[in-house]
Each structure stands twice: as structure tokens, then as C-alpha cells.
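Nothing in this text is a laboratory measurement; each read-out follows from the coordinates by a stated rule. All figures in this text were calculated on a predicted structure; none of them were measured in a lab. Cβ placement follows ideal geometry from the backbone for every residue including glycine, while neighbour counts extend to all protein chains displayed.
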């Protein structure tokens, strides 16, 4: 379970998250939608632990553990996974080397033995076949020269290997064509379990046709302003965010 | 009226003059070599030890750094050779061992057919007219005072000739060792002559904890014949505190030749590596790469001059530096394209990662182009590691220090990965990883 409690965050003196509260239960897929500049990406970065954000107050509890008190790598080892809007290119680091370093770092943190190379290779093979990732991509430097779709698939592959307790997808649909969107969504859907929750951040309803959420939240002005079921996404697709932008200016 | 400046000799310069005076009667060579030495030493005397007002030595002021001239190393003793025999062991094959600049056949291996090995001393004693231009480095670097000093003082070295058409699959290892307990100076010059269509790889490395202490004035000259394919690596990684290593590397390429060189510099001594390269024939390809890993107050200078004379040659000069603590890195590179060298494709790039605010990196890339149909470029960058990349790796569970190491290793090892010998890639990757492991521990 992920609980965000009264989170107040600013960047360079500008308040972005405003007493933000959100709970995502075990196995729940929650979507956050909202117009540009309402703090959706900030929320995902703050939870994952990126620097440059000033957290004034609040808590982010993952199964009761306050993530804000530890470094980003520890948050990952505690079971948090952030799929990036724009996964980074890491020149010179082979994809396989990176994956192995990540899996074993998390195992080490949890006091588990490192995976042997054959075991690891087997695991990667199964997961990458599912996502249609070719084996030659695994030998190349991580994300270097990959298309937008390949990068997103690589992120989902990482999630499959790391088996997190909770996944945040930050505008995973951006830069994806329809086929890639389908493959990535199927990858995510296959990782849905009774325990594992997801937070799906998106501008568009389209992604939610593929990854069907249990709840939809509308975010504006750094907080959740409306919550509903999956039908809320369809409503937003028709009416747009104008109503919420007005609400924000009225509140201000 | 003009003021006359009479430079006074430093203690080190006086010491070097005394050393030359004492040694010259015993140094190998016939009358022509004696003349070559005399001319070289007077050229050195005229300029003295290079200092910051000599442009190509601006960042490595040897006159200030080298306070004294150390005594010239004696020929290795029998007991020193026996001790080294144990230390060298049997790990390396096809090795040629130089102890304090002197070729020691007893410690060296027999090389396969197609390769002839002689000591420089014996070649100098013969002083054959056709060898003199080769030993003189085909005129490359002759204006440099340290190249001149090396020419005057060259005690010994090894002369390797690879017969035309010979294909030597395994690397030939030039192994440098020391047989003296106290710091000394040594002056060696080696020559590799590769015949037409031959292929060979030559690897330079040192043995021993701390390698050579003292002052090393080394030179390695490659004459690469037409259509030959030559590889070279240099591991300059075990220099000791207080040591000075001045290594000159001279290469001349014939027509349609291929040359690939990789060097790793990491150690506590002062290093100045100067590379003089000439694309003499047409349609040759030459790649020179170097990685310097520096920490503490280490200082490493790579100064390169690549001259394109032949047409349609491809030159790639690529250098990377990782600078930690208070280290100083220097890269000076000049590509010169002669009037007739049309269709030259020359690219030079120096990149430095600066890990603290206390490090210094001096980059000076230059192009001098006298032909009108060429594609030449150079670039130099200095920067830190990308925090975004580190965060991405942390977000996957990799701790900050490990993420940093992975990125540093990738940055340095990328240039080693291009070595055409898989086993050598492994050797250098391991050396880079060992350097990084020490960094993490510290």
C-alpha cells in the first residue's frame, strides 16, 4: 500500500505540491490525470527521490515505511519502481551489465544471495521475449540508439525483473505508437497482482483503455481535486481540463 | 640596444651535461652515430630542459619539476637479472625485457619466424646508413629538447623487424623493469620496422611494484610499411611517487597501412607522453587513443602532433581523462595537413570528467590545414558526471557510489573496447576496474 500524506514540495521557491494526499491500496491501479504543470511528474520524482526538490512536510509510506527518509536506491530496494517518462541513455554500460547490477544490488540490500549468471540470463530471456525485446539489444549500451518504444519496453523489462511492490508509470504513453503502447500495456498488465499496486500518470485517456484503472484522480494546483472510477477518464476526454483550471484559479 | 639574455644552467641541466660528458665515450655507435649524438646534445644544450615558455611544454614545466639529474643506471647486474627472472615469471609470452633501458636477451623469449630482434646497441655499433633515418625517428619530433636528449644519450633498446607479409598473431610484449634499488635515470630507444603487408601488435608494460622510480627518458619508433596492419598498447600504470616518465612515441605510416594504438596512464609519477605521427603514404588509417586516470596530485600530459602528408588518410585521435582529488591533466593535440594531403579525414577529441573542484584540465586542440579539400575537426569537453544518469541508476536500486563507478568505468573502458585484440581489452578493462575499486575504497 502506498500512502502519500500531506506532502508539500517546492522547486526553486515555487510551491508545486500542496498538502497532497493519496492512498493506493494493494493490487489497486490508480490513475492520476490532469493538465500540464499541475505537479504530476514532480510527484513521481519526489516519491522516487530525485534531488532538486524541497520537501517541506509530509510522508510517503510504502507498506508503512517512510520512503522520504532514505536514498533513491534504498527506496527501490524497498520495492518502489518508477518507469520514466524519458528513460535515460547510459553510454558504455551494457544493458545486461546494468540489469544485473540493479537486480543484485536490490537482492544484496534485502540480504538475499546474488543471482548466478545462468539463472539471471534465463530470467532475462523469459521477460524480454514477452516484451518482444531482441537479444542483440541486451548487448548494446543501455537505451543508446533505442527508439522511444524500445526505451519504454526496456523500462517495463526492468520492472518485470525487479518485481517491485509498487510501480509508478510516469506518462509511459508519451512517444509511443499504437503497437508499442499495446505491448507496453500488456507488459504492465501481466505484472498486476493482488499485492502489487500501480500509480499511472497520464494526460490522455487512451492509455487507460489498455491499462484499466480501478480509480481515477484528477490533479490540479498540486493536489487531488476529484476522484472517481474508470468512467471519469472518459468524461475528462470529452470535457477537457478547463473546469479544473478554473477551479484552481478560483482557489488561488 | 637589446638586452642579451644568458640563461643560466639549472643544477639538473649541469648534471645532464656531466652525464653525457662521462658517458659518451662508452655509448654505442660508429662515427656517424657519434655525430648524431653530438648534434642532438648541442640542440638540447641550446634549449635546456623545456619550460613553460616553450609552447609545447607550457603545462609541464620540466625545468622547475626536475630539480636534479639522477645518475645514469648501470648495466643490469647478474644478480639483478636473476631476481627479475623470478619476478617476471612465465605469465607473458613473446616478451622482450628491457632492464633500465638495456635489452636483456636472457630474460626474453624467442620470437616466431618473420620477426628479427636485435639490441639497439648492436644496431648502433653497425651504424648502417639505411638505419640512421629510422633510428632518428624519420625527423619526427627532432625539434623537441627531450627527443634530442634521448637521441644523445640512448644507451640501448630493442630493434624489432617484421618481415614483409609476416602475420604475427599474438602480441609482442615489451616489458620494462628496473634492476637498481635507488632511483636512476635511463635512456632507451626502441624501433619497430614493419614490412609491407605484415601484421603485428606490440604491447608496452612495466613490472614491479612502483615500476621504475627515478627518471625515464624513453622513445619507441614505429615505421609501418605499405599495407601493414599494426596494433600497439601501452600500460603506463605503475609509476611511483616522485618518478618522472617522459615517453616519446613516433609513428610513420606508409600507404594503405592500418595503425591502432591505445594507452592507459594511471600512477603516482609525473608522466609526459608525446606522440609524433606522420601519415606519409596515401589511404592509411591511424587511430590513437588514450585514457588517463589521475588522483591525488598526479600530473599527466599527453601532447600529440599528427601530420598528414599523404592523401585520403583517416586519422582518429581520441583521449579521455578522469581527474579526481587535485590532479592535473593536459591534452595538447595538433593536426597538420600539408598542402598536398587532399581528402584527409582527421578527427581529434579530448573529453575530461572532473570529479572535484580542485582538479585542473588543460585542453589545447589545434588544426593547421594547408589543403582545401579536407574534413577535419577537433573537440574538447570538460564536465562532471550526469546527475540524471546517476538518479536513473539509483532508481533501479544501484547505490550512488556504484552508479558513479559504472559510469566512470564505461567512460574510460569505451576506448579500450576498440582494441582489436579481445584479450588486451580484458587486460585494460581489469586495470581500469582496479583503479576504480581503489577509488571506492578511499
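Going by C-beta contacts inside 10 Å, put A:89, A:71 in order with the fewest on the left. Mind dumping the intermediate values first?
Details: A:89 16, A:71 13.
Arranged by neighbour count, lowest to highest, A:89, A:71 become A:71, A:89.
At q = 0.11 Å⁻¹, what base-10 log of I(q)/I(0) does the Debye formula yield for the range B:1-152 when every alpha carbon is treated as an equal point scatterer in vacuo?
-0.58
Mind checking the alpha-carbon convex hull of the protein assembly as shown and giving the volume per residue in Å³?
Spelled out: Cα convex hull of the protein assembly as shown, divided by residues, is 212 Å³.
What's the FRET efficiency of residue B:42 with residue B:126 using the Cβ-Cβ distance as r and R₀ = 30 Å, to the nearest 0.05?
Once rounded, the FRET efficiency stands at 0.75.
Hey, for a label at residue A:86 modelled as a point 7 Å past Cα toward Cβ, could you say which residues of the range A:129-148 have their backbone N under 18 Å away?
From the range A:129-148, the list is A:142-148.
Normalise the Cα radius of gyration of the range B:202-253 by 2.2 N^0.38 Å (N = residues in it) and let me know the number.
Against the empirical 2.2 N^0.38 Å value, I get 1.36 for the range B:202-253.
Given contacts defined as C-alpha pairs under 8 Å and at least six residues apart, what's the relative contact order of the range A:1-158, whole-number percent?
Normalised by residue count, the contact order of the range A:1-158 is 21 percent.
Quick one: length gained pulling residue B:357 to residue B:9 fully straight, 0.36 nm per residue minus the C-alpha distance?
121.6 nm
If you average the sequence gap of Cα pairs under 8 Å that are 6 or more apart and divide by the length of the range B:388-442, what percent do you get for the contact order?
30
So for chain A, what percent of the C-alpha to C-alpha distances run longer than 22 Å?
55
Under a 10 Å cutoff between Cα atoms, tell me which one of B:340, B:21, B:296 has the largest fluctuation in the Gaussian network model of chain B.
Result: B:21 has the largest fluctuation of those listed.
With no solvent and one equal point scatterer per Cα, compute the Debye intensity ratio I(q)/I(0) for chain B at 0.08, 0.13 Å⁻¹ and report its log10, rounded to two decimals.
Here the Debye-derived log intensity ratios amount to -0.44, -1.22.
Counting C-alpha atoms alone, how compact is the range B:13-52: give Rg to one decimal and Dmax as a whole number, in angstrom.
11.0, 36
Grab the beta carbon distance between residue B:163 and residue A:122, set R0 = 60 Å, and tell me the FRET efficiency rounded to 0.05.
Efficiency, from the Cβ-Cβ distance: 0.75.
Show log10 I(q)/I(0) for the range A:1-54 at q = 0.20, 0.25 Å⁻¹, two decimals, from a solvent-free Debye sum over equal Cα scatterers.
Ignoring solvent entirely, the Cα scatterers give -0.76, -1.11.
Let's test the formula: R0 of 45 Å, r as the Cβ-Cβ distance of residue A:204 and residue B:345. What FRET efficiency results, to the nearest 0.05?
Approximately 0.45, to the nearest 0.05.
What whole-number value in cubic angstrom gives the convex hull volume per residue for the C-alpha atoms of the range B:74-123?
78
Work out, step by step, the length gained on full extension between residue B:81 and residue B:55: first 0.36 nm times the residue separation, then minus their alpha carbon distance; give nm to one decimal. List each step's numbers first, then the result.
On the way: separation 26, 0.36 × 26 = 9.36 nm, distance 4.11 nm.
Between residue B:81 and residue B:55, full extension yields 5.2 nm more.
Could you give the length gained by full extension between residue A:63 and residue A:144, i.e. 0.36 nm per residue of separation minus their alpha carbon distance, to one decimal place?
On the way: separation 81, 0.36 × 81 = 29.16 nm, distance 3.50 nm.
Separation in residues times 0.36 nm, less the Cα-Cα distance, equals 25.7 nm.
Could you list B:259, B:331 in order of exposure, starting from the residue whose Cβ has the fewest other Cβ atoms within 10 Å? Present the calculation step by step, with values, prior to reporting the outcome.
Values: B:259 23, B:331 27.
In order of increasing Cβ crowding within 10 Å: B:259, B:331.
With a point put 7 Å past each Cα toward its Cβ, work out how far residue B:438 is from residue B:25 in nm, to one decimal.
Between residue B:438 and residue B:25, the simple spin-label model gives 4.4 nm.
State the percent of C-alpha pairs, over all pairs in the range B:388-442, separated by a distance greater than 19 angstrom.
36
Share of antiparallel DSSP beta bridges in the range B:11-281, in percent to the nearest 5?
Within the range B:11-281, antiparallel bridges account for around 10 percent of the total.
Within the range A:177-204, whose backbone N sits under 20 Å from a point 7 Å along Cα→Cβ of residue A:23?
A:194-200
Take every residue in peptide A:90-103, count the Cβ atoms of other chains within 10 Å of its Cβ, and give the average of those counts.
So the per-residue partner count for this stretch is 5.
Hey, in the GNM for chain B with a 10 angstrom Cα cutoff, which one of B:388, B:301, B:100 fluctuates hardest?
With Cα springs under 10 Å in chain B, the top fluctuation among B:388, B:301, B:100 is at B:388.
Could you please rank A:182, B:320, placing first whichever residue has the fewest other Cβ atoms within 10 Å of its Cβ?
Values: A:182 13, B:320 22.
Ascending number of Cβ neighbours within 10 Å: A:182, B:320.
In nm, to one decimal, how far is the residue B:143 label point from the residue B:418 one, both placed 7 Å along Cα→Cβ?
Here the modelled spin labels are 2.8 nm apart.
Which percent, to the nearest 5, of DSSP beta bridges fully inside the protein assembly as shown are antiparallel?
15
Along the three principal axes, how long is the range B:266-385 when you take its alpha carbons, biggest first, rounded to the nearest angstrom?
46, 24, 18
222 nm [θ] for chain B, helices only, -39500 (n - 2.57) per DSSP H run of 4+, per residue, to 500?
When only DSSP H runs of four or more count, the value is -7500 deg cm²/dmol.
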